[in-house]
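Have a look at this one before I ask anything.
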Amino acid sequence: MLHIYYGEMEGVINNTEVYFRNTYDPSWIVDGLAKEIILDVDRSVVLGERCIQSRVLGMIPPESLSGGTKTLLLMINDDTRIFNASTCGDNCAKWILKIAEKKDLTIRLGHIMDFGEGMFQIHVLNNDQIVTSMADLVIVAHNCLQETVV
């Protein structure tokens, strides 16, 4: 299940770029789900553990992937941390839901991410509420974010 905390939260990895660069394992890149994410989010093809073909940038190392892709790869591979998913665009939302289908996943958001029109189950940690649609999530997330503004 996906668990979201809206607003500032202690212990969150906010700088996913630096954390990724210092912790990722090259084997993460050649995993099937990782390849799908890299193709979808960055429009790039994994050629090997240390080489990705980007349509825009040419041959790049994993460190040059987008911040959203790096954050998703961290979510898949590091169960010890909570990541700031505000480094991800809405194009990462479906992947966050997919990761959360396979394991409990807790993320931090500072904005309302669009999880699409489908049904889902998201546990909002701020008020211990389960929401199942984007319409419900917008209201709950808005209220949580309003409470964090002083």
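The values are calculated or read from the model by the stated rules, or taken from the named source; none is laboratory data. These numbers were taken from a predicted model, which means no experiment stands behind them. Cβ sites come from the backbone with ideal geometry, for glycine too, and all protein chains shown count toward neighbours. We work out accessible area using only protein heavy atoms, side chains counted, and drop any ligands, DNA or RNA first. Shrake-Rupley method; radii C 1.70, N 1.55, O 1.52, S 1.80 Å.
Show me the three semi-axes of the equivalent ellipsoid for the chain, from the C-alpha gyration tensor (sqrt of 5 times each eigenvalue), largest first, rounded to whole Å.
Working: eigenvalues 158, 49, 35 Å².
In descending order the semi-axes read 28, 16, 13 Å.
Moving on to the next point. Near the amide H of S44, under 5 Å away, which other amide H atoms are found, from residues 5 or more places off or on another chain, if H is placed in the peptide plane?
So S44 has HN proximity to L39.
What nm distance separates the two modelled labels at E8 and K35, each placed 7 Å from Cα along Cα→Cβ?
4.3 nm
Write out the cysteines belonging to the chain for which the nearest other cysteine Cβ is not under 4.7 Å, or none if no such cysteine exists.
When partners are defined as cysteine Cβ atoms under 4.7 Å apart, the chain leaves C51, C144 without one.
Right, another one. Considering amide H positions built from the backbone, and no H for Pro or chain starts, which residues 5 or more places from H3, or on another chain, come under 5 Å of its amide H?
Under 5 Å from the amide H of H3 lie the amide H atoms of L105, T106, I107, H123, each far enough along the sequence or on another chain.
Something else about it: Tell me the accessible surface of H142 in square angstrom (1.4 angstrom probe, heavy atoms of protein chains only), to the nearest ten.
90 Å²
Hey, rough spin-label estimate for D136 and E117, points 7 angstrom out along Cα→Cβ, what's it come to in nanometres?
1.9 nm
On full extension of the chain, what length is gained from N143 through N91, given 0.36 nm per residue of separation minus the C-alpha to C-alpha distance?
Values: separation 52, 0.36 × 52 = 18.72 nm, distance 2.36 nm.
That pair, N143 and N91, stretches by 16.4 nm at full extension.
To the nearest 500 deg cm²/dmol, what mean residue ellipticity at 222 nm is calculated for the chain from DSSP H runs of n ≥ 4 alone, each contributing -39,500 (n - 2.57), summed and divided by the residues? Show your work: numbers first, answer last.
On the way: 5 runs with 55 residues, N = 150.
After summing the helix terms and dividing by residue count, I get -11000 deg cm²/dmol.
Taking the inverse of the average 1/r across all pairs of different Cα atoms in the stretch 33-110, what Kirkwood radius in Å do you get? Can you show the working numbers first?
Details: mean 1/r = 0.0783 Å⁻¹.
That comes to 12.8 Å for the stretch 33-110.
What are the ³J(HN,Hα) couplings of the stretch 102-107, residue after residue, when phi is run through the Karplus curve with 6.51, -1.76, 1.60 and θ = phi - 60°? Round to Hz, x for glycine and proline.
Along the stretch 102-107, the couplings run 8, 7, 5, 9, 10, 10 Hz.
So what's the stretch 1-59 giving for Cα Rg divided by 2.2 N^0.38 Å, two decimals? Present the calculation step by step, with values, prior to reporting the outcome.
Details: Rg = 14.3 Å, N = 59, 2.2 N^0.38 = 10.4 Å.
Relative to the 2.2 N^0.38 Å estimate, the stretch 1-59 comes out at 1.38.
Hey, another quick one. Hey, rough spin-label estimate for R55 and M1, points 7 angstrom out along Cα→Cβ, what's it come to in nanometres?
Reported label-point gap for R55 and M1 is 3.9 nm.
Enumerate the amide H contacts of G110 below 5 Å, restricted to partners 5 or more residues apart or on another chain; note that Pro and chain-start residues carry no placed amide H.
HN-HN under 5 Å from G110: G7, S86.
Per residue, how much accessible area does the chain have with a 1.4 Å probe, in Å²?
On the way: 7780 Å² over 150 residues.
Heavy-atom SASA per residue in the chain reads 52 Å².
Now for a different question. On average, how much area does the Cα convex hull of the stretch 96-150 cover when viewed from any direction, in nm²?
Values: hull surface 14.7 nm².
In nm², the orientation-averaged hull projection of the stretch 96-150 is 3.7.
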